[in-house]
Amino acid sequence: MDRITRPGVVLLAVLLLFAGCSGGPIGTQTTNSPTGDGTTSSGGPQQGTEWTVTITRVIDGDTVEAQFPNGETDTLRLLGVDTPETTLSRVTPGEFEGIPDTTAGRDHLFNWGERATAYASDELENETVRIEIDPDADRRGSFGRLLVYIYVDGVNFNKQLLTNGYARMYDSSFSKREEFRTAEATAQKNRVGVWGFEGFTPTPAGTSTNENHGHALSIALIHEDAEGNDHENRNDEYVVFENTGDTSLDLSGWTVSDDAGQTYSFPDGFTLPAGEQVTLYTGSGTNTDTELYWGSDRAIWNNGGDTITVRDDTGDVLLEEAY
């Protein structure tokens, strides 16, 4: 039998020590990061912006674990949304507008936290989905979780949580803020899901501290004098409206008129997010979230002076501005 020399014994002992410290074979390394709920997961991809993954575990309505194609696992935090806590002692009614900090309010949120978890489990667990990060948001949150949008058959699941009343919008930096804010405001208005608490009163559309009859719609710009012949260049005649409040404005049925009584009606379902503008052109075109078209065959606004009057869907005058 060959004998192992003393230096060889020392070397072998050192190698075994390092192998034990690493928790695996020599030359391998595992990286674990806290998820915020007491669990850990491997670090996941350090590069890339979107992946197809399998959801292996639903922690709660806005947090899941996923396995990547290379076998790594990571904890994902759904970007831009926040579902109620599923631990009663951690429920925070103050984060959900209109839900009182009472026993009934906390119980209501706890109940909807459990419902959100069940909904996420039904829709996501063991499913193969597409996830992506947002270049306008942080890559990881404060607990090291990867911040992502989840898409199920092409549908943004984060937004679905808002639409179906399982979550509030988490006010952080991300590119879909206004889209998510509108989804939340619609759910609140219709008392969907968590917003169906008895006694809940959403902030009325247009509530503001400005002087425009208690609402937040204002006129940012009037361009009444189109270049050349006004009647032939109608889309160079326009009015820019702005929502100066901090909540979305549902302008369905609201009207805009001039001194002569010519009237335009905002489309049904048109919502102007907080801080955003929409331009109303006199001529024809395709409506978008930021551009609307009166469709008039002649100029509307008199170059020598006129009055812009805005009425709500009940006919009450909300805004008048003469120029």
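Somewhere in region 132-144, is a residue touching a strand residue (DSSP E or B) at 6+ places or on another chain (Cβ under 7 Å) and among the hydroxyl-bearing types (Ser, Thr, Tyr)? So far as region 132-144 goes, no, none of its residues is touching a strand residue (DSSP E or B) at 6+ places or on another chain (Cβ under 7 Å) and among the hydroxyl-bearing types (Ser, Thr, Tyr). Going by the conditions given, is ASP306 out of contact with any Asp or Glu (no Cβ under 8 Å at 6 or more places or on another chain) and not assigned by TED's automatic domain parsing to the domain that holds THR182? In short, no. Has region 198-207 got at least one residue that is at pLDDT 85 or above and either charged (D, E, K, R) or not in a loop (DSSP other than H, G, I, E, B) (or both)? No. Would you confirm, using the coordinates I've provided, whether ARG57 is of a type in the set (D, E, K, R), at pLDDT 95 or above and outside any loop (DSSP other than H, G, I, E, B)? Against the criterion (of a type in the set (D, E, K, R), at pLDDT 95 or above and outside any loop (DSSP other than H, G, I, E, B)), ARG57 qualifies.
Residue check: is VAL239 touching an Asp or Glu at 6+ places or on another chain (Cβ under 8 Å) and among the β-branched types (Val, Ile, Thr)? Criteria not met by VAL239.
Every residue, every condition in (1) β-branched (Val, Ile, Thr); (2) under 27 Å from GLN277 (Cβ atoms); (3) in the same structural domain as PRO273 (by TED's automatic domain parsing); (4) in contact with a helix residue (DSSP H, G or I) (Cβ under 8 Å, 6 or more places away or on another chain), yes or no:
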residue: THR117; (1), (2), (3), (4): yes, no, no, no
residue: ARG139; (1), (2), (3), (4): no, no, no, no
residue: TYR170; (1), (2), (3), (4): no, yes, no, no
residue: ARG177; (1), (2), (3), (4): no, yes, no, no
residue: THR182; (1), (2), (3), (4): yes, yes, no, no
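The residues of region 75-107 that are modelled with pLDDT under 95 and touching a Ser or Thr at 6+ places or on another chain (Cβ under 9 Å), listed by number, are GLU85, THR86, PRO93, GLU97, GLY98, ASP101, ARG106. Restricting attention to region 280-313 and to residues that are farther than 15 Å from SER257 by Cβ and among the polar types (S, T, N, Q), the residue that is surrounded by the most Cβ atoms within 10 Å (Cβ to Cβ) turns out to be ASN287. Scanning region 159-178 for residues that are over 18 Å from GLU132 (Cα atoms) and either in a loop (DSSP other than H, G, I, E, B) or without any contact (Cβ under 8 Å) to a residue 12 or more places away in the chain (or both) yields a total of 5. Scanning region 256-276 for residues that are free of Cβ contacts under 8 Å to residues at least 60 places away in the same chain, surrounded by 15 or more Cβ atoms within 10 Å (Cβ to Cβ) and not in a loop (DSSP other than H, G, I, E, B) turns up VAL256, SER257, TYR264, SER265, LEU272.
Of the residues contained in region 127-150, one or more are found to be among the β-branched types (Val, Ile, Thr) and more than 18 Å from the chain's Cα centre (by Cα).
Here is a yes/no grid of residues against (1) part of a helix (DSSP H, G or I); (2) buried (at least 21 other Cβ atoms within 10 Å of the Cβ); (3) free of Cβ contacts under 8 Å to residues at least 40 places away in the same chain; (4) basic (Lys, Arg):
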position	(1), (2), (3), (4)
ASP134	no, no, no, no
ASP138	no, no, yes, no
LEU147	no, no, no, no
PHE180	yes, yes, no, no
GLN188	yes, yes, no, no
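The values are calculated or read from the model by the stated rules, or taken from the named source; none is laboratory data. All values reported here derive from a predicted model rather than from experimental measurement. Every residue, glycine among them, receives a Cβ derived from its backbone with ideal geometry; neighbour counts consider all protein chains shown.
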